[in-house]
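FYI, it's all coordinate maths here, none of it is from the lab. None of these values were measured; they are calculated from a predicted model. Cβ: placed from backbone, ideal geometry, glycine included. Neighbour counts: every protein chain shown.
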Amino acid sequence: MAIDNYRIASDPVSSDMSGTAKASMDWRRLAHNVETLAALTEAPLMAMVKADAYGHGMIPAARVSVEAGAARLGVATLREAWRLRRLPDLAETPVMAFLYAPDQPGLAETIEAGAELGVSSLANLAAVAAAAERTGTAARVHLKGDTGISRGGVAEHEWEAFAEAAAKHRAAGTIAIVGAWSHLACADELGHPANALQKAAFERFLAALAAAGIAPEVRHLANSAALIADPETHYDLVRPGIALYGYNPVPEIPVALEPVMELRSRVATVKRLPAGTGISYGHTHHLERDANVALVPLGYADGIPRAASGSAEVYLAGRRRRVLGRICMDQFVVDLGDDTVSPGEPVVLIGAGEHHPDADDWSAWAGTIPNEILTGIGGRVPRYWNRGVE
């Protein structure tokens, strides 16, 4: 695969944390995940690379995903779509953006760039049609119905009017209707009653479009969880997100996914403290006995969740070790017991090794999901795409 050119993502000199922290992405693991997910369905994949590819780096992740077989790319914002559409090597790959306000600047430019747009309201439809008319280019759109997540998408009582308006704009030449889509609220909960209700609602949405003479090229409903758990949701396209990056939102159904990111830092200082010493802000932890402690220069400003204080572990000097006390903005303390290490010793916060913590562990410690852990890794941490994590 011709992915060697995509190994470098950022200049380490530009990072305040250069020399102490880095996030390393293994393109082979991402390619493996794309291929593994593609084997679960007959539908093409729209690789979701929004939010800087869940913190991994949007442009290299997009390139690797397409090289590995993804047919389309999905993002949230107009800017994300515009950036991808400017890449000559991805010029033939459709890109859909779906989150924008009707009066948002850049709508016409995004249409001119050839991006496809998710349309989630009558107001958005009118704005897209007007922007397309100004550019003289028909906007390629995916019509979204709210089937029960009660978030983006046209509410059911407006489906008829939405379909009729879309048909009118299509007849006027301002839009080309590429897709019809929706999003699932509870796909990661097997047997949740909302799943069956939403599938039935999606069929009603498609019927409302058909009644207006609209037969979209692609119908899409499945996110990562539905791709893994429910073939009935696959239709003509599936939209994996978190699963691309190695995390299975339906752990009851094993899938051979591999974490793409490894996050490392290095020990800044080491010292020995007596029993009873309070550690970090608020002295929420006191040493039970004399112990060596290590300071790691990463904190919640870098995406290490403060909510994981008192629970988190890192991999240091051959084994998992406890984080002591509160995680601070720029640093945290690790319990070494009677072991000692030298400043500069590598610390693995997120890794792919058997004993390494991963984003699932951090999400459990912080009471969240791996999506938030990965997307929360801050801009001070440089990203590298390489052949593999050393």
Suppose every K and R has +1 on its Cβ and every D and E has -1 on its Cβ; what is the size of the dipole of the chain about the Cα centre, in Debye to the nearest 20?
-> 740 debye
Counting only DSSP loop positions in segment 58-90, the trypsin sites (Lys or Arg not before Pro) whose Cβ has at most 12 other Cβ atoms within 10 Å are ARG86
For segment 187-242, restrict the atom set to alpha-carbon positions and state the Rg and Dmax in Å.
-> 12.0, 35
Expressed in nm to one decimal, what extension gain is obtained for the pair ARG204 and ALA130 from 0.36 nm per residue of sequence separation less their Cα-Cα distance?
-> 23.8 nm
The chain: DSSP helices with Cα axial extent of at least 18 Å and average Kyte-Doolittle hydropathy no lower than -0.5 | 122-135, 159-172, 193-211
With a sphere of radius 10 Å drawn around the Cβ of LEU190, what net charge do the other residues whose Cβ falls strictly inside it have (Lys, Arg +1; Asp, Glu -1)?
-> -4
Cα centroid separation, segment 280-358 to segment 18-78 (Å) | 30 Å
Given charges of +1 on the Cβ of Lys and Arg and -1 on the Cβ of Asp and Glu, with all other atoms neutral, how large is the dipole of segment 26-245 about its Cα centre, in debye to the nearest 20?
-> 380 debye
Would you mind classifying segment 26-245 by shape? Square roots of the alpha carbon gyration tensor eigenvalues, ordered a ≥ b ≥ c; an a/c under 1.5 is rounded, otherwise it is prolate if a/b is larger than b/c and oblate if not.
-> oblate
Helix-only mean residue ellipticity at 222 nm for the chain, each DSSP H run of n ≥ 4 adding -39500 (n - 2.57), per residue, nearest 500 | -8000 deg cm²/dmol
Quick one: work out the % antiparallel among DSSP beta bridges in the chain, nearest 5.
-> 50 percent
Relative contact order (percent) for the chain, with alpha-carbon contacts under 8 angstrom and 6 or more residues of separation?
-> 20 percent
Per 10 angstrom bin, beginning at 0 and ending with the bin that holds the maximum distance, the Cα pairs of segment 262-350 fall in percents of 18, 57, 24, 1
Segment 131-179: trypsin sites (Lys or Arg not before Pro) in DSSP loop, at most 10 other beta carbons within 10 Å = ARG151
Could you give log10 I(q)/I(0) at q = 0.11 Å⁻¹ for the chain, computed by the Debye formula over C-alpha point scatterers of equal weight, without solvent?
-> -0.82
Among PRO240, ALA171, PHE202 - extreme Cα towards positive end, dipole of segment 155-271, charges at beta-carbon = PRO240
Please report, largest first and rounded to whole Å, the three semi-axes of the ellipsoid equivalent to segment 27-97, where each semi-axis is the square root of five times an eigenvalue of the C-alpha gyration tensor.
-> 19, 13, 11
